[in-house]
Amino acid sequence: MSRGGNPLVELTLWRIREFLREPEALFWVFAFPIVLAFALGLAFGSRPPQSVRIAVERTGQFEPLFSALDSASGLRAVLLDPAAAERELRTGRVALVVVPGEPAVLRFDSTRQESYLARLLVYDALQRAAGRRDVREIRESKVRERGARYIDFLLPGLLGMNIMGTGMWGIGFAIVKTRNQKLLKRLLASPMRKSQYLFSHILARMFFLTLEVVSLLLFGYWVFDVPVRGSAWDIALVVVLGAMTFAGLGLLVASRAQTIEGVSGLMNVVMVPMWICSGVFFAYSNFPDAMQPFIKLLPLTALNDALRAVIIEGMGVAAIGWPLGLMVLWGVACFGVALRVFRWL
Amino acid sequence: MSGFGAERAVPGAVATAILCRGLTKRYGDVVAVDGLDLEVRVGECFGLLGPNGAGKTTTVEILQGLVPADAGAVTILGMTWERDAAELRQRLGSQLQETKLADKLTVRETLKLFRSFYRRGRSVEEVMEMVGLSEKRDTWVVKLSGGQRQRLAVGCALVCEPEILFLDEPTTGLDPQSRRQLWGVIAEFRQRGGTVLLTTHYMEEAERLCDRVAVMDRGRIIALGAPRELVASLGAEHVVEFGLADGGRLDEGDLRRLPGVVNVRTADGKTYLTVRRVHETVPALMQLLAVSGAALSELTTHHATLEDVFLSLTGRHLRDE
Ligand SMILES: Nc1ncnc2c1ncn2[C@@H]1O[C@H](COP(=O)(O)OP(=O)(O)OP(=O)(O)O)[C@@H](O)[C@H]1O
Ligand SMILES: [Mg+2]
């Protein structure tokens with residue numbers, strides 16, 4: 001005669017062990033979001049605007065023109081023969097071609113934004129070189145605020161995406177696998193409580209959630225100086241609520257599927273639209289107005305909005321009642337339906 | 001822990017571990033179980049023997065309350081699934097034919113997990129000892145051999161010190177050595193007074209382990225009794241099995257008139273004579289062959305087994321080999 005362990009603890013340990021012993025899964029959950037944040041953070045990091053490349057034709061009195069333009073800030077001028085200049089303009093390697101003469105002629109494609117910028121800069125530089133004086137004083141004050149850069153937008157989005165992905169995969173995949181290998185049936189033959197089995201999935205999720213959220217936020221803070229303005233409690237509340245919502249969605253998707261292939265297809269159908277529409281990589285305000293009401297109802301949109309509000313803007317949970325309420329609604333609906341239709345065999 | 005079965009069951013109940021009446025289960029047009037009656041006594045090892053698709057798994061899973069029956073009544077240890085499911089689950093041990101245990105848990109972790117579901121039972125150490133996996137305690141399930149995995153599955157069924165052990169083809173696909181190891185585990189469980197319901201399509205296994213067997217075919221029981229009785233019901237103890245080179249034919253009447261022949265049956269191009277004494281029949285058979293000018297392609301003799309019982313009842317083999 002012996003005492004057995006606590007079933008909830010053992011079931012949760014099972015989940016955690018299975019996950020920790022799967023190196024690939026660890027990569028996708030922990031390393032991938034960090035790699036993605038790093039790559040995108042570098043690629044779209046804040047850099048001073050690049051100078052615009054323009055060409056000066058080697059005809060007539062080109063030297064004074066060329067030196068005036070090349071020394072102007074924001075412009076980089078090259079000297080080219082007319083044929084070569086024409087070719088570079090056509091292929092977009094220079095934004096504009098200056099033909100010396102009286103008057104000087106600017107050749108450019110008026111549909112290119114870069115050419116427009118070049119035109120303004122060249123105009124200004126040529127007029128100044130010819131002795132124009134400013135008639136009104138204008139002062140500039142430069143701002144570069146933390147919280148307004150791309151990485152600040154991206155990081156909460158990646159966090160939301162990760163919470164969705166790991167919640168749905170972590171729970172959905174594990175359940176379908178267990179059902180598929182008839183282990184769920186074997187568990188049912190034992191006195192295991194069904195509620196404890198499902199709850200162990202949630203507990204294991206909370207364990208990994210803590211790790212994945214903290215690691216990504218710390219990474220953002222150390223490497224890109226992404227601010228974490230909200231209180232730890234508010235962030236924790238949003239994160240846990242988001243995780244529960246997607247745990248419910250994962251459970252729903254996995255509630256009847258018999259094969260891994262089947263559940264993978266369903267997962268993609270559910271998740272891909274949200275990756276695109278819910279403002280992970282770019283703001284969802286870019287989508288047409290007609291789509292906005294639908295986008296705003298998606299659970300990942302709610303989670304991303306809530307995360308940005310607490311992490312970057314430092315709002316309290318009181319200010320984000322709508323997204324939080326929406327997540328609760330999704331969560332309750334998903335769990336409710338999932339538990340009703342769930343098949344154990 | 002002592003006192004299996006009746007002593008702990010409902011007072012006044014007979015020593016019947018499993019009782020079912022008129023069990024029926026249909027899958028579309030297929031009648032998997034067709035009005036099955038079954039009684040397994042406490043302390044007995046009962047075998048369900050039958051070919052693929054006979055309905056063994058379906059029967060066993062209905063008895064374990066995993067699959068709902070379309071009709072029929074099941075009583076286990078004097079209790080029913082409708083009323084006493086939670087109590088029954090505490091007292092039954094189960095190994096399912098198709099279950100694969102979690103790949104990346106170790107032997108010990110797997111047993112510990114299953115042990116935690118039960119109020120009382122054996123220690124994990126003890127179970128590992130029983131199924132001979134103590135040395136593999138920290139090995140992942142995925143790295144175990146087929147035989148070791150099967151013994152672990154039986155171990156998971158034993159952690160609760162069950163009163164009834166359900167084993168669905170526990171040794172299918174195992175090599176003879178692994179099979180004998182598992183037989184040892186089952187024998188030990190029986191010595192402690194446990195009841196076993198086992199399915200198999202190995203005659204040898206049924207003959208060796210089971211007190212009684214039910215031969216199943218197409219959802220029905222076509223023969224029931226102790227293996228010895230069933231073999232004895234053939235009326236003779238030996239089987240002469242022969243095939244003829246192409247073109248040859250022997251008259252069945254001639255064969256029946258050979259000395260010592262009790263029964264004649266043909267299946268898959270071979271002829272099976274159930275005989276009392278091989279040494280009387282075989283010389284006479286040779287003579288008959290010489291007279292009718294037929295040539296043998298093969299000739300073997302063996303002790304009659306449950307396989308021959310099945311063949312004589314259905315005209316088919318138990319296993320398609
Ligand atoms: N879930 C199911 N859906 C449809 N048909 C099923 C299902 N389970 C079993 N059957 C059918 O019921 C019949 C009995 O199947 P069962 O698994 O009980 O046979 P068995 O005796 O265990 O065979 P085996 O020796 O191959 O394990 C078969 O014809 C099978 O095709
Ligand atoms: Mg079967």
### Task
Read through the list (1) small (Gly, Ala, Ser); (2) without any contact (Cβ under 8 Å) to a residue 60 or more places away in the chain; (3) within 25 Å of B:Asp211 (Cβ to Cβ), then give the number of the only condition that B:Ala304 fails.
(2)
### Query
Is there any pair linking a residue in region B:168-186 that is within 14 Å of chain A (Cβ to nearest Cβ) to one that is more than 16 Å from ligand 1 (Cβ to nearest atom), with Cβ under 7 Å and at least six apart or on different chains, and which?
B:Pro170/B:Val154; B:Pro170/B:Leu182
## Note on the structure
Among the residues of region A:71-100, the number that are at pLDDT 85 or above and more than 16 Å from A:Tyr116 (Cα to Cα) is 14
### Query
Does region B:20-39 contain at least one residue that is in contact with an Asp or Glu (Cβ under 8 Å, 6 or more places away or on another chain), within 16 Å of ligand 2 (Cβ to nearest atom), modelled with pLDDT of 95 or more and not hydroxyl-bearing (Ser, Thr, Tyr)?
yes
### Message
Please verify whether A:Pro323 is within 24 Å of A:Val176 (Cβ to Cβ) and touching a Leu at 6+ places or on another chain (Cβ under 9 Å), treating the condition exactly as stated.
### Response
no
### Query
Does region B:218-226 include one or more residues that are surrounded by 23 or more Cβ atoms within 10 Å (Cβ to Cβ), farther than 30 Å from A:Met192 by Cβ and either outside the structural domain of B:Arg91 (by TED's automatic domain parsing) or in contact (Cβ under 8 Å) with a residue 24 or more places away in the chain (or both)?
yes
### Condition met for B:Glu169 (buried (at least 21 other Cβ atoms within 10 Å of the Cβ) and among the acidic types (Asp, Glu))
yes
### region B:111-141, residues that are assigned to a helix (DSSP H, G or I) and at the interface with chain A (Cβ under 9 Å from one of its Cβ atoms)
B:Lys112, B:Leu113, B:Phe114, B:Arg115, B:Val124, B:Glu125, B:Glu126
### Task
Mind listing whichever residues of region B:83-110 are closer than 27 Å to A:Leu20 by Cβ, surrounded by fewer than 17 Cβ atoms within 10 Å (Cβ to Cβ) and more than 7 Å from every other protein chain (Cβ to nearest Cβ)?
B:Asp103
#### Entry: Verdict on A:Val223 being in contact (Cβ under 8 Å) with a residue 60 or more places away in the chain, under 24 Å from A:Val35 (Cα atoms) and more than 14 Å from chain B (Cβ to nearest Cβ)
yes
#### Entry: Complete set of residues in region A:188-198 that are touching a residue at least 40 places away in the same chain (Cβ under 8 Å) and facing chain B (nearest Cβ under 8 Å)
A:Leu188, A:Met192
### One residue from A:Ile151, A:Ile171 being more than 29 Å from A:Gly41 (Cβ to Cβ) and within 24 Å of the chain's Cα centre (by Cα)
A:Ile171
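The values are calculated or read from the model by the stated rules, or taken from the named source; none is laboratory data. It should be emphasised that the depicted structure is a prediction, and the values quoted were computed from it without experimental measurement. Neighbour counts are summed over all protein chains in view; Cβ atoms, including those assigned to glycine, are modelled from backbone coordinates with ideal geometry.
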